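The values are calculated or read from the model by the stated rules, or taken from the named source; none is laboratory data. Remember, predicted model here, so these are calculated numbers, not experimental data. Counting neighbours? That spans all protein chains shown, and the Cβs are built from the backbone with ideal geometry, glycine included. Calculation scope for accessible area: heavy atoms of the full protein, side chains included, ligands and nucleic acids excluded. Shrake-Rupley method; radii C 1.70, N 1.55, O 1.52, S 1.80 Å.
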Amino acid sequence: MRMTRTWIAGAVALAVGVTAGTLMAQQAPAPAQPPAGPQPYFVGNRLGMPINPAADGTFSAMSSNVKVYGAIYSAESCSYDPTRGVIVVPNRGVGQNVQTNNAWIALINHDGSVHTARWIGVQNPGDQRNNLKPALVLNEPLGSDIVNNVLYLADRDGGTTPNDPVVSVIRKFNMQSGLPMGETRVEKSNGFNDLEAAEDGTVYATQTGSGTDAMTWQVWKITPDGAASIFIQGAPLRQPNGIAFDQQGNIVVVNIGNNEVLTFSREGKLIRTENAVQAGNDGLVIMPDGTKYVSSVQLGGVSRIRPGQPAELIAQNIPNPASMCYDAGANQLVIPMNANNAMAFIPLK
């Protein structure tokens, strides 16, 4: 009997609360809608209020006794910004077949906490992005690199339906302002995975391709004037994924189809073949002393390859470690965990 009376009293209280809440909601003013028409381009504030920049520039940072983790969704790569001292993480968001122009860029601190949840891409897809001057387009960025204060992204257009072909697009953003700096469409490539940018703006990008067609295993070269050409095609590539420069300016590529780490000259000649401990590799970091770190997105390990020495595993059983970056400010590897919507951190000694 006591339980019954308690249940009835609770139900009455719930009904009263719902009714009151409904009345308050009806009386509350509608949220302000963004004005129609062209809008100035802007990026999101770091954690604090307001989220979007105020017209008069006022901003109050989140109190120092609060830490926030997250802001990562389907991230494939990261890059280190030495100016801010933060990790720059492109988030792919949902796929093109679900919603176009859904991606954003987050800034993450050395300890994994959030610096800026949405820096580039704080606006919603649709009119909010389309009406910016310049408009913001960021679909499904995978590989990333920061060179000379420019963020390079291996993005893509298309793929909205099975009959809509995917086209590789290199998109560039100013690391100070977040402003778009142009794009290069490579119509003959159906999706870059990773990229590396040289000091002069030349970009080398991998197209992983299919598991059976060697002609789809490609490394592309895109010059600053937008000219794109296939730099390497077929074997010894075997579904190329991660790419980076060594200290001599050579192009180093890791295969996902085997455990090989391939070093090519700027003329495209194979100079050296090394082997990671595991196959299925994605991420690649090359240190000033020539040491290479390679992450296997399929088998979950991180190999260290010191010059002239066999590879050794320094970390194991990481779920889906994708294209990693080196956080020079904290001397650590940072690895997006792809579908796990998380980041892994490996201190280096």
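The table that follows gives values for the structure above.
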{"read-out": "Cα-based radius of gyration of segment 36-154 once divided by 2.2 N^0.38 Å, which approximates compact folds", "value": "1.06"}
{"read-out": "Heavy-atom surface of the chain, accessible at 1.4 Å and reported per residue (Å²)", "value": "48"}
{"read-out": "Filter on LYS67/LYS172; LYS67/LYS292; LYS133/LYS172; LYS269/LYS292; LYS188/LYS221 - keep pairs with C-alpha separation over 23 Å", "value": "LYS67/LYS172; LYS67/LYS292"}
{"read-out": "Under the Karplus curve 6.51 cos²θ - 1.76 cosθ + 1.60, θ = phi - 60°, whole-Hz ³J(HN,Hα) for segment 44-59, x wherever Gly or Pro sits", "value": "x, 6, 5, 4, x, 10, x, 5, 8, x, 7, 4, 8, x, 5, 7"}
{"read-out": "Magnitude of the charge dipole, the chain, Cβ model with Lys/Arg +1 and Asp/Glu -1, debye to 20", "value": "880"}
{"read-out": "Label-point gap, in nm, between GLU199 and THR212 - each point 7 angstrom along Cα→Cβ", "value": "4.6"}
{"read-out": "Exposed GluC sites (Glu not before Pro) absent: longest stretch of the chain, with sites in DSSP loops and at most 12 other Cβ within 10 Å deemed exposed", "value": "1-186"}
{"read-out": "Taking segment 175-256 and dividing mean pair separation by its residue count, relative contact order in percent (alpha carbons under 8 Å, at least six apart)", "value": "23"}
{"read-out": "Using a Förster distance of 41 Å, the FRET efficiency for THR161-MET287 (Cβ separation, nearest 0.05)", "value": "0.40"}
{"read-out": "Cα shape, segment 280-324, gyration tensor, a/c 1.5 rule", "value": "prolate"}
{"read-out": "Carbon/sulfur fraction of accessible area - the chain, other protein chains in place, 1.4 Å, %", "value": "54"}
{"read-out": "nm² value of the averaged projected area, convex hull over the Cα atoms of the chain", "value": "24.1"}
{"read-out": "Nearest-0.05 FRET efficiency for GLN316 and LYS133, computed from C-beta distance (R0 41 Å)", "value": "0.25"}
{"read-out": "Label-point separation in nm, ASN341 to VAL66, each point 7 Å along Cα→Cβ", "value": "2.1"}
